[in-house]
1. Which helices (runs of 4 or more DSSP H) sit wholly inside region 109-182 and have at least 2 residues that are among the polar types (S, T, N, Q) and under 25 Å from the mean Cα position of the chain (by Cα)?
2. Would you check if there is a residue in region 318-327 being under 21 Å from TYR226 (Cα atoms) and touching a residue at least 60 places away in the same chain (Cβ under 8 Å)?
3. Return yes when PHE66 is touching a Lys or Arg at 6+ places or on another chain (Cβ under 8 Å), within 26 Å of VAL162 (Cα to Cα) and assigned by the TED database to the domain that holds LEU33 and no when it is not.
4. Inspect region 437-448 for any residue being of a type outside the set (A, V, I, L, M, F, W, C), surrounded by fewer than 15 Cβ atoms within 10 Å (Cβ to Cβ), closer than 24 Å to GLY271 by Cβ and more than 34 Å from the chain's Cα centre (by Cα) and give the result as yes or no.
5. Would you point out which residue out of CYS309, CYS319 is in contact with a Ser or Thr (Cβ under 6 Å, 6 or more places away or on another chain) and either open to solvent by less than 70 Å² (accessible area, probe 1.4 Å) or modelled with pLDDT under 85 (or both)?
6. Hey, can you tell me all the residues within region 27-52 that are in contact with a Gly (Cβ under 8 Å, 6 or more places away or on another chain), outside any helix (DSSP H, G or I) and within 22 Å of GLY183 (Cβ to Cβ)?
7. Give me the residue from region 255-284 that is part of a helix (DSSP H, G or I) and small (Gly, Ala, Ser) and, out of that set, surrounded by the most Cβ atoms within 10 Å (Cβ to Cβ).
Amino acid sequence: MSGGDMAKPLLGHRSMEGDPSITPAAGRTVGVLGSGDFARSLAIRLVCSGFKVVVGSRNPKRKAGFFPSAAEVTFQADAVKKADVIFVAVFREHYSTLCDLADVLMGKILVDVSNNTEINHHKESNAEYLASLFPACTVVKGFNVVSAWTLQSGARDGNKQVLICSDNQEAKRIVAEIAQVMGFTPVDMGCMSSAREIENIPLRLLPAWKIPIFLALGLFLCFFTYNLIRQVIHPFIREKKNKLYKIPIEVVNTTLPCVSYVMLSLVYLPGVLAACLQLYYGTKYRRFPDWLDQWLQHRKQIGLLSFFCAALHAVYSLCLPMRRSHRYQLIETAVKQAVEKMNIWVEEEVWRMEIYISVGIIALGLLSLLAITSLPSIANSLNWREFSFIQSTLGFIALVISTLHTLTYGWSRAFDENQYKFYLPPTYTLTLLVPCTVILAKIIFNLPCIQQRLLRIRRGWEKGRYVKFVLPSATGEFSSGETSSNV
């Protein structure tokens, strides 16, 4: 990229009028030590936000073309002298090269933006290590969770939060003002001891998704193996027919709805278990077991994976007629019908498939609505009652309709002995166990006697709680007593 292109603002200059809390930061001279990709993106964002930027480099002449013309690129010592707030955009292993600048860095605010290559790679955080090298400086950890792409594209195209921590409140305030002017939302994470946790955040790979993904993979492998035995191994052993061609599409397509259906029921099962515990103990203040608490926190991810499997099932189903094997079967059926002059129209089967497909489309539509409203950008635009109605009420309706979809698929075939391969029941009958349990529990909880008790518990009522009261004595003085809240 040429120097002229780098000088062009990526976004229009942001007006600071009407916001006195961040006006003092505008126009401040900010230093950047480093000339890598992040330093360049940081300089661009600072220039576009109205700051005077001075970049310190060991080779200023060679690096000047990579920065916008509005930024001054000079030697590190000169850059440090011209700014009070300096972004240290160099790797941890190169911190020692800055020790020659210790005298001119005295009293400056150093913003450490570095990350490690591994979680907890060092005993101390990078920010704490930088602070130990320059005890006369004030170190602030920040901007490490923001990518170079987000800096260049602006806060609109990336995560707006900038996590900040330091032992100096004034330094945190100054860096927070700079982040606000740049269009980000500063989040105070406390003292410098939080730097280790902040540096670990960018290194975690989908931490909230690991358990749901392993759960989905486990269910997929179980149902896939079960369907493989029924659809491929059974015909090969009993009838000597090679049905291996069914594995890539047909067996997978039979497995996906099972995983989606069970995963959807697992979204609402922990709520049922939590309600049972609250009814059993008669209080909402007793802590849930850790496994149940973790389960409740992963419901969003489980629901999204359920939608993902349902969407794949819909695509696979649309592709079924495209298979070469399906075309051969159609030709074979047509020839057989013409030779034997048989009527293959079965009214019951026609109605079953029509209802089955129609109910499935409705279920997929409701799952799409649940998935969309779970996105933060959509969820933030809904109030609590709207979000609860969609995720709870419509979600339960989606589970009921998915159950109807499964029952319609099974129809009367669950009672056909030919459907039991190796004495194994059809797969869809196994998937009905958990969802039907959830639906039955929901119906029981909606009974007036149980619903009212559960509502009272969730509003703070406790079974066996004693309440102190005060009664006047015969002498006119007041005496205290106790009574149970059940009375």
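1. Working: elements: 126-133, 148-153, 169-181.
Helices (runs of 4 or more DSSP H) meeting the threshold: 148-153.
2. yes
3. On the way: touching a Lys or Arg at 6+ places or on another chain (Cβ under 8 Å): yes; within 26 Å of VAL162 (Cα to Cα): yes; assigned by the TED database to the domain that holds LEU33: yes.
Taking the combined requirement at face value, the residue satisfies it.
4. Yes, that holds for at least one residue.
5. CYS309
6. Hits for region 27-52 are GLY27, GLY31, VAL32, GLY34, SER49, GLY50, PHE51, LYS52.
7. Out of the qualifying residues, it is SER260.
Condition check ((1) out of contact with any Cys (no Cβ under 8 Å at 6 or more places or on another chain); (2) aliphatic (A, V, I, L, M); (3) at pLDDT below 95) across all residues:
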residue	(1), (2), (3)
MET1	yes, yes, yes
LYS8	yes, no, yes
GLY18	yes, no, yes
PRO24	yes, no, yes
VAL53	yes, yes, no
LYS61	yes, no, yes
LYS108	no, no, no
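The values are calculated or read from the model by the stated rules, or taken from the named source; none is laboratory data. Since the model is a prediction, treat every value here as computed from it, not as a measurement. Ideal geometry is used to build each Cβ from the backbone, glycine not excepted, and the neighbour counts take in all protein chains shown. Only protein heavy atoms, including side chains, enter the accessible area calculation; ligands, DNA and RNA are left aside. Shrake-Rupley method; radii C 1.70, N 1.55, O 1.52, S 1.80 Å.
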